[in-house]
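Everything below concerns the one structure shown next.
The values are calculated or read from the model by the stated rules, or taken from the named source; none is laboratory data. The shown structure was predicted, so the numbers you read here are calculated from the model rather than taken from an experiment. Note that we place each Cβ from the backbone using ideal geometry, even for glycine, and neighbour counts take in every protein chain shown. Areas reflect the complete protein model, heavy atoms only, side chains present, ligands, DNA and RNA absent. Shrake-Rupley method; radii C 1.70, N 1.55, O 1.52, S 1.80 Å.
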Amino acid sequence: MAVTGKDLLRYATLAGALALLAGCSGVETEASYPRSIPGGTGGTYETQRQTIFGDGGLNIFDTEKSRDGTGGASPIGVNSFLWRASLDTISFMPLASADPFGGVLITDWYSAPETPGERMKLTVYILDRQLRADGIRVAAFKQRRDETGTWVDQPVEPAVATRIEDAILTRARQLRVSSSAS
């Protein structure tokens, strides 16, 4: 079997891609944000060195206790209690996308049986690895069907997103309490 120029190009491209991927593990960034670092002063702005996959690298099959204080193995990049609470809270809506590493949940449009001419869509952002009130954001979208049958965007009261955030935080606290009781 003869090796053609096309085969050589494919092998070279594959080798280059593997070299780039292998080089990503050493890429570091500096992040300054309020975070308690062991030996630090807590609450002050400190610089922490991280790889592009976070401070512990990409660890999908973590079997040790997680370092973020969530009390268990956490293969996701966000607080596991907020993640599970978010899934529980919006479970009545069809899920369009879930990114556990980035902490983003996107629902599909949902129409309640009581209001078939109106539908809602949610995007939930988990912003922190700690269980904190400011660690979650919800964006709500609403549409109403007009006379011609087309969906028209409608404004959403800011209190709707706040109530969903509160429900998620309440459920996350319940999960945390039940986890620590076990």
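Cβ-Cβ contacts under 6 Å between residues 6 or more apart (or on different chains), taken from a first residue in the range 86-113 that is more than 19 Å from ARG129 (Cα to Cα) to a second residue that is acidic (Asp, Glu) and at pLDDT 95 or above, are listed as PRO94/ASP108; ALA96/ASP108. Among the residues making up the range 116-129, a single one is open to solvent by 80 Å² or more (accessible area, probe 1.4 Å) and more than 9 Å from the chain's Cα centre (by Cα): PRO116.
Within the range 87-103, the only residue that satisfies the criterion of being open to solvent by less than 40 Å² (accessible area, probe 1.4 Å), modelled with pLDDT of 95 or more and over 18 Å from GLN143 (Cβ atoms) is THR89. Being of a type in the set (Gly, Ala, Ser), within 19 Å of the chain's Cα centre (by Cα) and on the phi < 0 side of the Ramachandran plot holds for only one residue in ALA159, ALA140, ALA181, and it is ALA140. ALA140 satisfies every condition listed in (1) open to solvent by 40 Å² or more (accessible area, probe 1.4 Å); (2) modelled with pLDDT of 95 or more; (3) of a type in the set (A, V, I, L, M) except (1).
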